[in-house]
Amino acid sequence: MINKELQLLLRSVFRGVIGALVLFSLGQAQDASKRVAADDPQIGYSDYVRMELVPSPADAAVKMARFDRILEMGGKGYRWDNPGARIRFRTDATSVKALLYYNEFHISASARNSIGVYRIDGADKPEWTFRTKATAIKREPEMVTVTLASGATGFHDYELILPYGDSVDFQGVEVNPEAKFEAAPMRTSKRYLAYGDSITHGFTASAVDKSYAFLVAQKNGWQIVNLGLGGRSSTPSDAKVVASLKADVISVFMGANDWQGGVPLERYRSNMMAFFDGIRAEQPTVPIYYITSLWVAPSWNPKAQIAELEAYRQVAREIVAARKDPNLFIVEGPEMIDHDIALFDSTPVHPNDKGFAQMGERLAAKMAAAKGSR
């Protein structure tokens, strides 16, 4: 009996010690880091269409930043992709982790690119990327912790740039307890809005920082507000959203899907005239660059087409001529990328990284040089 009582006592003591150790270790883990929430004024946001603070799925009492682009794309969820949206903060932390939630809103069954990038003090490296563990086009929501490379001692500027083909919420930053924060550096105030279809959206660049709209903004020192929606064709009502964002400079790249979908030329003309009417009603003098469709390899012959792609380019030229608008410029798409299949994806209406690099360089130069762009 004594032996049994002693065994029970020893077990009780052992459990108590283990429990104390667990509580101690949990306390130590909690003390080992501190959380700066998404709604903390020390976190800066830019390069987005719209942002709101919503409850985190992990803790409803905690707010996370959610971005969206207002315009819908049925069956795709592209509204919730936010190519190039930026999250910025400045800290002297020696341990920095960004807490992301890749949500369920991107639902395309054919396209996804979840690769985002980050920068420290304005510098980037090929390995400074983040993405979901799941790499399939279809995936479940996923919590992703991004461990940011720590710099030398002192304060550093950190910046996360969201992917072009996935929907990502920001839940905050986790740092060492003694870390201090300063105000995040301001982004340039000049905002470039890129409106268009999948090419503007970013497909099929390898990552967001390889897409033409991102590159144009970067080369000209502008913020990027990306309103490219994969599969979009001419839609006059989109002008209301474009104009409401009050960008300082706008590019419009629309026509390839009208061609591929067999939209009659006169309907394309009336749609685009109404689109520009909508912008000019709100922003009568903002510079607009109307980009005609890129060169497309002759091997690509959409079944629904009813006219040559060049015919849609010609309609765009005629629209610009008819409007007599000194701040509406035509940009010849075929001049933006060399006519070489090696610069395009396997679906040849989409550039690859090399093609996008050419386009970014050439379009940025043309926009920067044109009257009213700066």
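Structure summary
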item: Qualifying positions in segment 29-63 - β-branched (Val, Ile, Thr), over 17 Å from Ala184 (Cβ atoms), within 21 Å of the chain's Cα centre (by Cα) and part of a loop (DSSP other than H, G, I, E, B); result: Val49
item: Qualifying residue in segment 295-305 (condition: buried (at least 19 other Cβ atoms within 10 Å of the Cβ) and not in a loop (DSSP other than H, G, I, E, B)); result: no
item: Evaluation of Tyr118 against (1) of a type in the set (Ser, Thr, Tyr); (2) over 20 Å from Val173 (Cα atoms); (3) not in a loop (DSSP other than H, G, I, E, B) (one fails), failing number; result: (2)
item: Candidate set: segment 319-332, residues that are part of a helix (DSSP H, G or I) and touching a helix residue (DSSP H, G or I) at 6+ places or on another chain (Cβ under 7 Å); chosen: the one surrounded by the most Cβ atoms within 10 Å (Cβ to Cβ); result: Ile319
item: Given (1) in contact with a Leu (Cβ under 9 Å, 6 or more places away or on another chain); (2) farther than 24 Å from Glu52 by Cβ, index of the condition Met143 fails; result: (2)
item: Unique match (being over 28 Å from Thr145 (Cα atoms), modelled with pLDDT of 95 or more and of a type in the set (Val, Ile, Thr)) among Ile199, Ile224; result: Ile199
item: Residue count for segment 164-185, restricted to those that are more than 23 Å from Pro55 (Cβ to Cβ) and not polar (S, T, N, Q); result: 11
item: Subset of segment 91-115 that is of a type in the set (A, V, I, L, M) and without any contact (Cβ under 8 Å) to a residue 40 or more places away in the chain - its residue that is nearest to Val168 (Cα to Cα); result: Ile107
item: Pair list, Cβ under 6 Å, 6 or more apart: segment 352-368 residue touching a residue at least 40 places away in the same chain (Cβ under 8 Å), other residue surrounded by fewer than 18 Cβ atoms within 10 Å (Cβ to Cβ); result: Asn352/Asp345; Asp353/Ser206; Ala364/Lys219
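A quick yes/no check of all residues on (1) of a type in the set (Asp, Glu); (2) within 30 Å of Ile87 (Cβ to Cβ); (3) more than 25 Å from the chain's Cα centre (by Cα):
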site	(1), (2), (3)
Val208	no, yes, no
Gly230	no, yes, no
Pro236	no, no, no
Ala239	no, yes, no
Ala247	no, yes, no
Met254	no, yes, no
Arg267	no, no, yes
Pro287	no, yes, no
Pro298	no, no, yes
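The values are calculated or read from the model by the stated rules, or taken from the named source; none is laboratory data. Since this is a predicted model, take the numbers as computed values, not measurements. Cβ: placed from backbone, ideal geometry, glycine included. Neighbour counts: every protein chain shown.
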